[in-house]
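FYI, it's all coordinate maths here, none of it is from the lab. These numbers come from a predicted model, not from an experiment. Here the Cβ is made from the backbone with ideal geometry for all residues, glycine too, and neighbour counts use every protein chain on show.
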Amino acid sequence: MSLTSKNPEFQKNIWLELSMQRLIMMPLIIIVLLILLSVSIPNCDFENLANFSYVGLVIILLLWGSKVAHDNIISEYNERTWDWQRMSILSPYQLLIGKMFGAPIYNWYGGFICFIFYVFFEIASEKGNFIDLGINSLSFLMLVITLMASSIMFALVRIRKGSARNKLKSGQIIFVLIIFGLSTLSDSFYKMMHFPTYQTVRPFLTRKLIENTFYAIWAVIGLNQAFRHELNYKNSAKLWYLFILTSSVFKGVMSCYQFSDFTYLYNFIFISFLIHAIVISYGLLVFEVKELTQFRILLKNIKEKNFKFLSYNAPLWVLTFPLIFVGLLLNWIFFSSKMLSHENNNVMNEAFQVMFSNNRSIPISFFDTFSLMLATFFFVIRDFSLMLFLNFNSKNRRADTAFLLYLFLLYFVFPLISMSNHSIKPLFFPSLESGNIICMILPAIEAVLILLLLKKVVKTENKLNN
């Protein structure tokens, strides 16, 4: 009772979500479904029932619970009660507990019932093993925490982008959750089909537990930072940079661990860092707020070299963007030095030929890697400028959707149509197909053109606002 008495948000959600009727209905429905499945399926044994219980755990807790956690914030925003919570004396920690464990408390209750059945049937089956069952259960719990925290953060981002005059729809998250849930189920049943005994599945389960625990910790930290932002606390960029750095190193180490080969550990870490910077930047660019007024303030503080202000107030996509340049520079220096070394020359050349050129007879040079990294940077500049151009244009009301459509056309449709013509390949993505000069010039021209359009639309909007 101390948790509820010290956390009004958690206590409120318990009163709203739990009633005697609902507490009775959940176990009755689960038991009836398990009985029907056991009767209707021929030769249904304890292992089948354990799998059904696990599926119920995924549906009730992972998918439904994450949707409830997301929709709870959206409904409070639509009902005009979210701003009241932001002005209350609730701390970020109280909001975190209340939203993650209070709003989906009924799902946690149903998930606990499914978990009891899952443990019972798994132990009763021939493959039952307490150690591996405990590892798998803890790994699933970490996965639930990660997805719930991510769903709540997604809701907070939508609120920042929303208009107080319009209600937000709560059903958009369900498609992402369904895809995530299906991947979770396929990943879990993969080990059942490919590992005949628990002795062979244990390394797989251990690796998943380590990965899920790592991202669960960062998801909770990120959610706490998001609530701090909502309650007008100042968040430094140091924690965000620490997340990207540790995640890059972690992914690189886990990739080497998966293949049981740490020979190319630095390769994996540097590539992982670049991929993190690019993917996260593009994702944040789509989801975060992009306003012309905010852009003017950022430019003003950049010119004045007010980096302290930027550290506390700049959007995450602005803070992440410089890491792309750092990642490209590190990869160029590292891979170029590896190509100059005799023992790795053939390996690196072959890797670059497979990824960026169909001509295997020409070796990749030091300048080729430089032009390739620079071309990649120009493509990023082009895409970011295009996104800002669409958002700053007052006539475009669905800029984010239009941007995703443009990316689909630029990186998939157009290259697919012109697949036979390798000479225009550098127009669409980084390539060494037409030589290193063309590889740099074409994306540079595209980036400059979009930047000029962006400059023009900024001037036009400034005149309209003035």
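Observations on the structure shown:
- Between Leu16 and Tyr411, the contour length at 0.36 nm per residue exceeds the Cα-Cα span by 137.4 nm.
- For segment 278-311, the list of trypsin sites (Lys or Arg not before Pro) that fall in a loop by DSSP and count at most 12 other C-beta atoms within 10 angstrom reads Lys305.
- When only alpha carbons are used to place a centre, segment 23-82 and segment 273-297 end up 36 Å from one another.
- Qualifying trypsin sites (Lys or Arg not before Pro) for segment 61-166 [loop in DSSP, other Cβ within 10 Å: at most 13]: Arg80, Arg165
- Rg and Dmax [Cα atoms of segment 235-340; Å; Rg one decimal, Dmax integer]: 16.2, 51
- Among the listed pairs Lys300/Lys455; Lys300/Lys459; Lys12/Lys161, those beyond 19 Å (Cα-Cα): Lys12/Lys161
- Rounded to whole Hz, the Karplus (6.51, -1.76, 1.60) HN-Hα couplings of segment 401-412, x for glycine and proline: 5, 5, 5, 4, 5, 4, 4, 4, 5, 6, 9, 10
- Karplus 3J(HN,Hα) series, Hz, for segment 50-66 with 6.51 cos²θ - 1.76 cosθ + 1.60 (x for Gly, Pro): 5, 5, 5, 5, 5, 4, x, 4, 5, 5, 6, 8, 6, 7, 5, x, 5
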